[in-house]
Amino acid sequence: MGARVQDGVLVLDDPVALLTNPSTLLAFGHVVAGALLTAGFFMAGVSAYHLFRRSPEWEFFGRSLRIGVFLSFPALMVTALFGGLQFASLSTFQPMKSAVFGQRAAEIARLQAELTARLGPGDYVPSVGWTRGAGLVMLIVFAFLMYFTLAGMIMACFRAVVFRFRLWHLALMAAVPLPYVAMISGWVFREAGRQPWVVYGLLRTEDAVSDLSADRMRLSLVVFTTLFALLAVLNAWLLARHARRGPVDGGLGHDDRATDAPDPADTLPAPRY
C-alpha cells in the first residue's frame, strides 16, 4: 500500500504505491466514467429542453442530444464495470463493509470479534443504515439508467423521434439529476461504509482527528460548509443560466449564414403519441 505503522504512527513509504493501489485505481476509473455519464445526461437534457421549446437552433440541439445520448450508454457501462470490480474486491479490502451491505450477521459478529482481539475494544461496524441504504440507492438508480440509456440509444437513431417525441424530451430533462443521485449515494456508501477507519485496518478516524480545539473544529466545519454550499448554488445557477440561453446568446455553434434557413423540423411528419 506504500505505508507502514511505526511506533503507533502511520508513515508514508512509497507515494507511487499509494496512488496506484488497486482500490485507488478502481475508484479513479469509476469516478471518471461517472463524470462522463453525468456530462452525457446533462447535454442530452439541455438539448431536449430546447427541442421541447422549439428553439430556432433545432439542428444544433438535435446533434447535441444525440452526442449526449450516445455518450451516456458506454459511459454507464464503464462506470458499472469499475463499480462491479470494486464490489468484488470488497470482501478482500473491506470485509466488514461487504458483510454489512450483504446483511450477513454471523460474518459481522465474527469480524467484530477478530478486530477487537487484534486492535482492542471498540465498535468496528459501520452504520448499517447509511452503508446499506446508500449502496441500494446507487444500485437501483444505475439499474434504471441502464435501461433508460439503452432505450435512448435506439430512439436517437430516428430523426423524427429526436425532433418530435416531446414525451422523450420531458423524460431526458427529468433524468438530468439521476447521475448526480447515483454518484453522491456511491460516495456516501464508500465513505460511511469504511468507518471507523480512515485507512482500513491501520488508521482509525478517532486517531486521525486534528488536535485543534472543539471550537476551532466547529468554526472550520461551518466555514467550509458555507463556502461549498455557496459554490454549489453558484455553479447550479451558472449552468441553468447558460443552458437556457442556448448557442446564439452564448456565442457557440451559431452560423450567421444559416439565419434564413428553414426550420429542419418543418420537413418532419407530425408527431404521434
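The values are calculated or read from the model by the stated rules, or taken from the named source; none is laboratory data. No experiment lies behind these values; they were computed from the predicted model shown. Here Cβ is always computed from backbone atoms with ideal geometry, including for glycine, and neighbour counts include all displayed protein chains. Areas reflect the complete protein model, heavy atoms only, side chains present, ligands, DNA and RNA absent. Shrake-Rupley method; radii C 1.70, N 1.55, O 1.52, S 1.80 Å.
Observations on the model:
- Residue check, ALA44 assigned to a helix (DSSP H, G or I) and open to solvent by 20 Å² or more (accessible area, probe 1.4 Å): no
- Within segment 164-187, the only residue that satisfies the criterion of being buried (at least 20 other Cβ atoms within 10 Å of the Cβ) and hydroxyl-bearing (Ser, Thr, Tyr) is SER185.
- Take the conditions (1) assigned to a helix (DSSP H, G or I); (2) modelled with pLDDT under 90; ALA99 misses just one of them, which is (2).
- Which listed residue, of LEU76, LEU36, LEU65, LEU18, is touching a residue at least 12 places away in the same chain (Cβ under 8 Å), open to solvent by 70 Å² or more (accessible area, probe 1.4 Å) and among the hydrophobic types (A, V, I, L, M, F, W, C): LEU36
- Restricting attention to segment 167-219, the residues being in a loop (DSSP other than H, G, I, E, B) and either aromatic (Phe, Trp, Tyr) or within 29 Å of ALA48 (Cβ to Cβ) (or both) number 3.
- Each residue in segment 123-154 was checked for being in a helix (DSSP H, G or I), in contact (Cβ under 8 Å) with a residue 60 or more places away in the chain and open to solvent by less than 70 Å² (accessible area, probe 1.4 Å), and 6 of them qualify.
- Within segment 47-62, tally of residues that are in a helix (DSSP H, G or I), open to solvent by 30 Å² or more (accessible area, probe 1.4 Å), of a type outside the set (A, V, I, L, M, F, W, C) and touching a Gly at 6+ places or on another chain (Cβ under 9 Å): 0
Residue by residue, here is whether (1) farther than 30 Å from GLY68 by Cα; (2) in contact with a helix residue (DSSP H, G or I) (Cβ under 6 Å, 6 or more places away or on another chain) holds:
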{"site": "GLU114", "(1), (2)": "yes, no"}
{"site": "ALA117", "(1), (2)": "yes, no"}
{"site": "ASP123", "(1), (2)": "yes, no"}
{"site": "TRP130", "(1), (2)": "yes, yes"}
{"site": "ILE154", "(1), (2)": "no, no"}
{"site": "VAL161", "(1), (2)": "no, yes"}
{"site": "ARG164", "(1), (2)": "no, no"}
{"site": "LEU167", "(1), (2)": "no, no"}
